[in-house]
1. Is the C-alpha gyration tensor of region B:21-335 telling us rounded, prolate or oblate? Criteria: a/c under 1.5 is rounded; beyond that, a/b larger than b/c is prolate, otherwise oblate.
2. What are the GluC sites (Glu not before Pro) within region A:140-216 that DSSP puts in a loop, where the Cβ has at most 12 other Cβ atoms within 10 Å?
3. So what is the calculated 222 nm ellipticity per residue for chain B, using -39500 (n - 2.57) for each DSSP H run with n of 4 or more, over all residues, to the nearest 500 deg cm²/dmol?
4. Please compute, for peptide B:282-292, the average count of beta-carbon atoms on other protein chains lying within 10 Å of each residue's beta-carbon.
5. Would you list B:309, A:433 from fewest to most Cβ contacts within 10 Å?
6. So who's got an amide H within less than 5 Å of the one on residue A:213, skipping anything under 5 residues away but keeping other chains? H placed 1.01 Å off N, in plane.
7. Quick one: plug the Kirkwood hydrodynamic radius of region A:377-447 (C-alpha pairs) into Stokes-Einstein at 37 °C, 0.692 mPa s, and report D in µm²/s.
8. In the protein assembly as shown, what percentage of the DSSP-assigned beta bridges are antiparallel, given to the nearest 5?
Amino acid sequence: MNLLNLFGKKTFPRGIHPEGFKEETHDHQARRLPFPAQIILPLSQNIGKPAIPIVHMGQHVRRGELIARADGFMSVPLHASVSGTIKKIDLVPSARGDKEQAIIIQTSLSSTQTHHHGDYQDFEKMSPQALVQAVQDTGMVGLGGASFPTHVKMKIPDDCTIDTIIINGCECEPFLTTDHRIMLEQISFMLRGIRIAMKAVDAPRAIIGVEDNKLNVLEAIRPHLPADDSITIEAVVTKYPQGAEKMLVYSLLGKEIPSGKLPSSIGVAIFNVATLAAIGELLPQRQGLIERIITITGDNLNKPGNYMVPLGTPLSHILKHAEFTGNEAELILGGPMMGMPASFLDTPVKKGTGAVLVLDKRATKRDDVLPCIKCSQCLQVCPINLNPSELGMLATKRKYDVMEEQYHLNDCFECGCCSYVCPSNIPLVQHFRIAKTLNRERHRMEVA
Amino acid sequence: MANQPKIDIRTSPYIRQAPTVAEIMRNVVYALLPLAAYATYQFGISALALMIITVLSCMATEHLFCKLSNKKTTITDASAIITGLLLAMTLPPGFPLWMGAVAGFTAIALGKTLFGGIGFNVFNPALVGRAFVQAAFPVSITTWTPALTTDRFIEFIPSSLALPFMQPVDTAEWTAQVSIDGFSGATPLALMKFQQVFTDSYDLFMGLTAGSTGETSSVLIIICGAYLVFKRMLDWRIPAAVIFGTIISAECFYLLDPAQYPSPAFMVFSGGLMFAAVFMASDMVASPVTPVGIFVFGCLVGFLTVIIRLFGGLTEAVMYAILFGNAATPLIESYTQPHIYGRNK
């Protein structure tokens, strides 16, 4: 059992305490931005297969209309996020660097941009299988950033039974406040989404985990919880990476997810609050996921805050309306610990994009990488309890196989704590990503 | 957004925690300065000159070797200053200055640059330097002079100014005739070893005894160490484990025969143990990184110190204990890898 829990504080060992920087936006109600003139919807917005387009150039589409269908079970459909005309279906540069297929829609200026939706469906009367299908039809993926198709998570292997679902409202990344706002503004959608998820995975209870820097969320939600205690809310210690799946399961339940296994192997399913709130809103109306709340924050912005934006909104549009005043910046999709860097201003907001963080490089820049002095700080923060120091040294020697076989490289989920504390400024996480990629390639070669 | 902004690209994480290596090293230097000041107060200009010489020697050696290997000089990271200061503080205050320079050269050349510079040294460089001069100049390194002599701020201890490659003059005669404000005599460890006299632990704790340049005052060492621990630049677990290991080992012997063996308090506060535990054993590079490994390492150092002190031929043992501990570090680490989340042992 978790020793720390005995003292009434729910948490996990190690981890870091970065400054939150959330004050700037956490009181900022989610507002809409004007629609952009053009949106870019990459077909791959999820882990798994990209969607297949079912529209053609010049076709007029309504906001919420299906424009690309799912390619099998490991895929989700895509819906038009604005009413307009399909300008083209073409390759666009992705945030990762390579090019990807995208549908580009020219927004029709005369449209009222009202939603397109289907007939009402009552989830209480639906079977788990029907619910999984209905969730897939919404095009839902993990909105916390992982972009894993939600319906796949809800499809529980036959040999597992789920006794608890955990709703992740930690939002442990600095700067981000979208989940915070959703838990204050969309309580009824969220609770409906939780009940849908409980029904889909056949779980008797649900626990909402919220970091204790958001105590107003606990106050706001408690009155709405059912009297039978099937859904509860618990505060966990504010610490990064509390919102990581493995950490939150440990903090709330005192259990470890076995290495390489899914949470369902210990009877747990985990969903992000934003994901369930969106399902609660969209599923009964048979709507598709077409917009999301993102936090826009960081340096040199006159109007930071939380904004509801259509998927596919380019960063330039967002920066313009947040009144960015600088002329040099780092643009990060997501939080400062695990976010992706954006390399061009046409990068669109995707389903998994929870924030646009604008950082002035001068504040955080460090150039010199020094040798590891074995200060052991990284070992003292690694939530998985790996030995990043040794892993880093093996990486520089290119002993990627030793990293995987003896030092459990694949248990690393790249939270970045080790890089964050390293006084020698060694890019440990980057080393590990490269090592994992090369190992995967090597294994593929071995199989082939 | 008047014009198109320039976009910078890095990989995550984008925020970093202070401090850098250079900041850590600088703060260790700050923490050593009070000890240096107290040493100067106790032993006068000889101690000050010795510290300056070893620091300069270490820095010059590091610079020289960086130049020889066509690398960017690393003296700016202040680690050579630390090595020099640590080294001087383990030497007797009247140690000939030229021998101090030799010790500094060996510390950096053999202890550090040979292994590849900062981060790669297997042993604590300062202790390598001291081990070398212990073997090379056995007389000078065991010649102790009294603290708090009246003229210490205007007159060098005669042995300090020995000409290069010359043995120093015998200080026994000088020691006998100088006027002393405080106390005199052999070091507490020598008294214990050769005369079975145990110095009062309070005097040891406060630093009111003869001894090496920077090692005498346990209380000052603890305060300086606490500053670094407070700034999260020193791993408190290492000194704690060393002291724990020393106390347990000493207690075993003390229980066997309190007349023959000294008390654990004496062991902890005498000689260089406190200094070594706080500043030497905690050398990050040469000590283990795993939590269990740190504990094993500290206990090993403490145990070896007690054994060598009680049964060895030397009075000062902690230096060799730490060097042994450094040598055992890779082995200790390989057996003490931490339990990983989601994996059963």
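Bear in mind these aren't lab numbers, they're just calculated from the coordinates by the rules spelled out. For clarity, every value in this text was computed on a predicted model and none was experimentally measured. All Cβ positions, glycine included, derive from the backbone under ideal geometry; neighbour counts span all protein chains shown.
1. oblate
2. When the GluC sites (Glu not before Pro) of region A:140-216 are filtered for loop state and at most 12 Cβ neighbours within 10 Å, nothing remains.
3. -17000 deg cm²/dmol
4. 4
5. A:433, B:309
6. A:238
7. D = 272 µm²/s.
8. Restricted to the protein assembly as shown, the bridges split so that about 60 percent are antiparallel.
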